[in-house]
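All remarks here apply to the structure that follows.
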Amino acid sequence: MSLTAGIVGLPNVGKSTLFNAITKAGVEAANYPFATIDPNVGVVEVPDSRLKEITKVVQPQKEVPTTFEFTDIAGIVKGASKGEGLGNKFLSNIRQVDAIVHVVRCFDDGNITHVSGKVDPLSDIETINLELILADLETIDRRFERVKKQARTGEKEAVAELAVLEKLKEALENDQLANSLEFTPEQERIVNSLFLLTRKKMLYVANISEDEVADPEENPYLQEVRELAQKQGADVVPVCASLEEEIAVLDEDEKQIFLEDFGLEASGLDHLIQKSYSLLGLGTYFTAGEKEVRAWTFKKGMTAPQAAGIIHTDFERGFIRAETVSFDDLMKYGGMNQAREAGRVRSEGKDYIVQDGDIILFRFNV
């Protein structure tokens, strides 16, 4: 399933460098059927050690990881909500992504000029968030008076929508992001219909220097970003974008040696991919056979037929059952047949909620 995180940031914070690392580490779109990828979209494999373990047990002809998309959003400057710079393109692009990855400069370098003259990550965050807030306020204001008039007549739906608009308007006018507010399920449907920018899930990337990757917590800028993110209920991933760009062109063995030299178990890009993946409530299930072992992305909470539909709509339409075993049980018993003999392969029906790590054989008929 195609979900994407949009990468945003002010000029000279490392946004383009990070996206270059993503595209260099990425996969060829042609390897994935029915995928039409725009030039500003980077497709990366989702790191998952379970795929390798399943492959060792099943020994298929090939192994296919699942993927995740990052979209490089047009640059933003102060006044973007009013059309300054590439403001209109920025707002148009960001409306189309499912989550926002906000790259913030957390390193000092006299050779790289900061757009505001000094390194101040909190000011950078405030600049971009303010533009998103102003754009959302414009959306709210366009609807507000019309809904208010309808609400005066006692129209039930208008009264409900007005209450939501008033709550959002008050929060936004106080520089509060819409994703910090709580709503009832009924109100949530109204909020979703507004397609607000500040309602999108947010992840901050603290772009640190190469000298700090082994111990990023010593970076005072990172601590500032963490404190702000905690107040917003957001997460922070420290990354050295320039280092990731170097790592991205290495083969797997070279990459491991490179990481070990810096005292790292995984690259910052791997952490970013995994955080972005989980930010959107995504999980992975697997299919395993002689031809291939493949990882599939699904939205947590999906039923078995819905998850089957990710492979092909016929699988969902003609769903009969899902023969399912957990990753832990497959590893414990050493194979599908052994797990079946031990009674650990379950026959699940249409109401089954797929779990992260399930290995599934879908039975269907069309």
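So which of LEU122, LEU130, LEU165 is assigned to a helix (DSSP H, G or I) and over 21 Å from VAL236 (Cα atoms)?
Exactly one of LEU122, LEU130, LEU165 is assigned to a helix (DSSP H, G or I) and over 21 Å from VAL236 (Cα atoms), namely LEU165.
With the structure loaded, tell me whether GLN230 is part of a helix (DSSP H, G or I), open to solvent by 30 Å² or more (accessible area, probe 1.4 Å) and among the polar types (S, T, N, Q) or whether it fails that test. Walk me through it before giving the result.
Values: part of a helix (DSSP H, G or I): yes; open to solvent by 30 Å² or more (accessible area, probe 1.4 Å): yes; among the polar types (S, T, N, Q): yes.
So GLN230 passes the test.
Run ILE310 past the list (1) buried (at least 20 other Cβ atoms within 10 Å of the Cβ); (2) in a helix (DSSP H, G or I) and report the number of the one that doesn't hold.
Unmet condition: (1).
Pairs, please: C-beta under 7 Å, at least 6 apart or cross-chain, first residue among the polar types (S, T, N, Q) and in the stretch 239-254, second open to solvent by less than 50 Å² (accessible area, probe 1.4 Å)?
SER242/THR17
Mind listing whichever residues of the stretch 313-335 are more than 12 Å from ILE360 (Cβ to Cβ) and open to solvent by 80 Å² or more (accessible area, probe 1.4 Å)?
Here is the first cut: in the stretch 313-335, the ones more than 12 Å from ILE360 (Cβ to Cβ) are 313-314, 316-318, 320, 328-329, 331-335.
Hits for the stretch 313-335 are THR313, GLU316, ARG317, ILE320, ASP328, LYS332.
Taking the stretch 260-284, which residues are in a helix (DSSP H, G or I) and either hydrophobic (A, V, I, L, M, F, W, C) or free of Cβ contacts under 8 Å to residues at least 60 places away in the same chain (or both)?
So the first thing to find is which residues in the stretch 260-284 are in a helix (DSSP H, G or I), and the list is 260-261, 268-279.
Answer for the stretch 260-284, where residues must be in a helix (DSSP H, G or I) and either hydrophobic (A, V, I, L, M, F, W, C) or free of Cβ contacts under 8 Å to residues at least 60 places away in the same chain (or both): GLU260, ASP261, GLY268, LEU269, HIS271, LEU272, ILE273, SER278, LEU279.
Looking for whichever is under 24 Å from the mean Cα position of the chain (by Cα) and closer than 28 Å to ASP120 by Cβ here; the options are GLU173, GLU188, GLU227. Which one fits?
Details: GLU173 fails: under 24 Å from the mean Cα position of the chain (by Cα); GLU188 fails: closer than 28 Å to ASP120 by Cβ.
One residue alone meets the criteria, GLU227.
For the stretch 191-202, what are the residues that are within 23 Å of GLU244 (Cβ to Cβ) and surrounded by fewer than 21 Cβ atoms within 10 Å (Cβ to Cβ)?
If we filter the stretch 191-202 for residues that are within 23 Å of GLU244 (Cβ to Cβ), which is where we start, we get 201-202.
Result: LYS201, single match.
Within the stretch 53-63, is there a residue that is of a type in the set (Asp, Glu), in a helix (DSSP H, G or I) and modelled with pLDDT of 65 or more? Lay out the reasoning, then the answer.
Going through the stretch 53-63, the residues of a type in the set (Asp, Glu) turn out to be 53, 63.
From what's left, in a helix (DSSP H, G or I): 53.
Within this subset, residues satisfying the condition of being modelled with pLDDT of 65 or more are 53.
Scanning the stretch 53-63 turns up at least one residue that is of a type in the set (Asp, Glu), in a helix (DSSP H, G or I) and modelled with pLDDT of 65 or more.
Could you please find all residues in the stretch 251-263 being open to solvent by less than 50 Å² (accessible area, probe 1.4 Å) and out of contact with any helix residue (DSSP H, G or I) (no Cβ under 9 Å at 6 or more places or on another chain)? Give the steps one after another, and end with the answer.
To start, the set of residues in the stretch 251-263 that are open to solvent by less than 50 Å² (accessible area, probe 1.4 Å) comprises 255, 258-259.
Those that are open to solvent by less than 50 Å² (accessible area, probe 1.4 Å) and out of contact with any helix residue (DSSP H, G or I) (no Cβ under 9 Å at 6 or more places or on another chain): none in the stretch 251-263.
Any residue in the stretch 154-174 that's free of Cβ contacts under 8 Å to residues at least 24 places away in the same chain: show its pairings with residues that are of a type in the set (S, T, N, Q) at Cβ separation under 6 Å, as long as the two are six or more apart or on different chains.
Matching pairs, first to second residue: ALA158/GLN150.
I'm told ILE273 meets every condition in (1) surrounded by 14 or more Cβ atoms within 10 Å (Cβ to Cβ); (2) of a type in the set (Val, Ile, Thr); (3) within 23 Å of the chain's Cα centre (by Cα); (4) not assigned by the TED database to the domain that holds ASP251 except one. Can you identify the failing condition by its number?
For ILE273, the failing item is (4).
Determine, yes or no, whether ILE133 is touching a His at 6+ places or on another chain (Cβ under 9 Å) and within 30 Å of VAL104 (Cβ to Cβ). Full working, then the answer.
Details: touching a His at 6+ places or on another chain (Cβ under 9 Å): no; within 30 Å of VAL104 (Cβ to Cβ): yes.
No, not satisfied.
Here are ALA266, ALA206, ALA248: which of them is surrounded by fewer than 17 Cβ atoms within 10 Å (Cβ to Cβ), touching a helix residue (DSSP H, G or I) at 6+ places or on another chain (Cβ under 8 Å) and small (Gly, Ala, Ser)?
Values: ALA206 fails: surrounded by fewer than 17 Cβ atoms within 10 Å (Cβ to Cβ); ALA248 fails: surrounded by fewer than 17 Cβ atoms within 10 Å (Cβ to Cβ).
Step by step, each of ALA266, ALA206, ALA248 is checked, and only ALA266 is surrounded by fewer than 17 Cβ atoms within 10 Å (Cβ to Cβ), touching a helix residue (DSSP H, G or I) at 6+ places or on another chain (Cβ under 8 Å) and small (Gly, Ala, Ser).
The values are calculated or read from the model by the stated rules, or taken from the named source; none is laboratory data. Remember, predicted model here, so these are calculated numbers, not experimental data. Note that we place each Cβ from the backbone using ideal geometry, even for glycine, and neighbour counts take in every protein chain shown. Areas reflect the complete protein model, heavy atoms only, side chains present, ligands, DNA and RNA absent. Shrake-Rupley method; radii C 1.70, N 1.55, O 1.52, S 1.80 Å.
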